[in-house]
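Input: a single structure, listed below in structure tokens.
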Amino acid sequence: MSSRIEQLIDELEEYIDNCKPKFMSNSEIIVNKEEIDELLRELRMKTPDEIKRYQKIISNKEAILNDARAKAEALINEATIQTNELISEHEIMQQAYAQANIVVTQAAQQAQEILDKATIEANDLRMQAAQYTEDRLAELESVIVSAIQASDANYSSLLGSLNQYRDLIQSNRRALHPVEEDLESISLEDTGDEGGLDVIQ
């Protein structure tokens with residue numbers, strides 16, 4: 001919306017454009033003094049008011065700008081604070097992640113140490129059990145070998161005795177059934193000896 005001063009200036013320009021030119025002149029015109037005085041008087045009266053209004057607008061504009069600057073600064077400060085808080089939270093989260101990674105790493109190391117220790121103990125127990133079994137088997141083998149050796153000795157002794165008895169029995173059987181040559185030799189010999197049979201004792 002245009003101000004009254006702008007309207008008066010437009011009216012003055014229109015008035016001048018509509019004035020008749022002076023005779024034999026291209027730059028001079030004939031004006032109505034009362035009409036132009038009235039326009040100029042109103043222009044003078046309106047000028048202070050318009051200036052005040054403009055000054056008020058300018059002041060308001062400055063106030064608006066100052067308010068906008070204050071709000072912008074407040075937003076910037078708030079954004080800065082939030083950014084710093086986010087950075088702090090990010091750093092805290094990074095520290096928490098780092099601490100969590102340390103805990104996980106330590107737990108993994110401890111678990112590996114426990115597993116290694118259990119593996120070593122299991123291997124030791126397995127070796128001890130194998131050694132114990134080996135010792136017991138060696139003892140059993142020794143007992144069996146001793147038993148076999150004793151059996152062999154007893155069997156050899158038994159075979160020797162049986163062979164002796166067999167020889168004696170065969171000898172006695174031959175004595176019971178002498179061949180003809182033996183009978184002839186027996187008849188020629190002195191028969192005064194007591195019995196010709198071996199006795200099994």
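Where a number appears in this text, it was derived from the coordinates with a stated rule and is not lab data. Everything numeric in this text was worked out from a predicted model, so none of it was measured. Methodologically, a virtual Cβ is constructed for each residue, glycine included, from the backbone with ideal geometry; neighbour enumeration extends over all protein chains shown.
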| note | The set of residues whose placed amide H lies less than 5 Å from the amide H of I29, leaving out same-chain residues fewer than 5 positions away, is K22
| request: Give me the number: length gained by fully extending Q99 to A150, i.e. 0.36 nm times residue separation minus the C-alpha to C-alpha distance, one decimal in nm. | output: 10.8 nm
| field | Charge dipole (debye, nearest 20) of segment 82-183; +1 at Cβ of Lys and Arg, -1 at Cβ of Asp and Glu | value | 520
| note | Straight-line reach check, K22, cutoff 30 Å on alpha carbons, 8 or more apart in-chain or any other chain, hits among lysines -> K33
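Counting Lys +1, Arg +1, Asp -1, Glu -1, what net charge surrounds I81 among other residues with beta carbon under 13 Å of its beta carbon?
Details: positive: none; negative: E73, E78, E85, E89.
Cβ neighbours under 13 Å give a net charge of -4.
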| query | What is segment 62-162 by shape, rounded, prolate or oblate, if you read a ≥ b ≥ c off the alpha carbon gyration tensor as root eigenvalues and call it rounded for a/c under 1.5, prolate for a/b larger than b/c, and oblate otherwise? | reply | prolate
| field | segment 54-73 and segment 1-36: distance between their alpha carbon centers, rounded to Å | value | 38
| At a Förster radius of 30 Å, what calculated FRET efficiency corresponds to the Cβ-Cβ distance of E38 and K61, to the nearest 0.05? | 0.35
| note | Here, I30 and E11, labelled 7 Å along Cα→Cβ, have an inter-label distance in nm of 2.4
| request: Mind checking which of T80, I5, V31 is farthest towards the positive end of segment 4-93's charge dipole, using Cβ charges of +1 (Lys, Arg) and -1 (Asp, Glu) about the Cα centre? | output: V31
| request: Report the charge-dipole magnitude of segment 4-93 in Debye, nearest 20, computed about the Cα centre from +1 at each Lys and Arg Cβ and -1 at each Asp and Glu Cβ. | output: 400
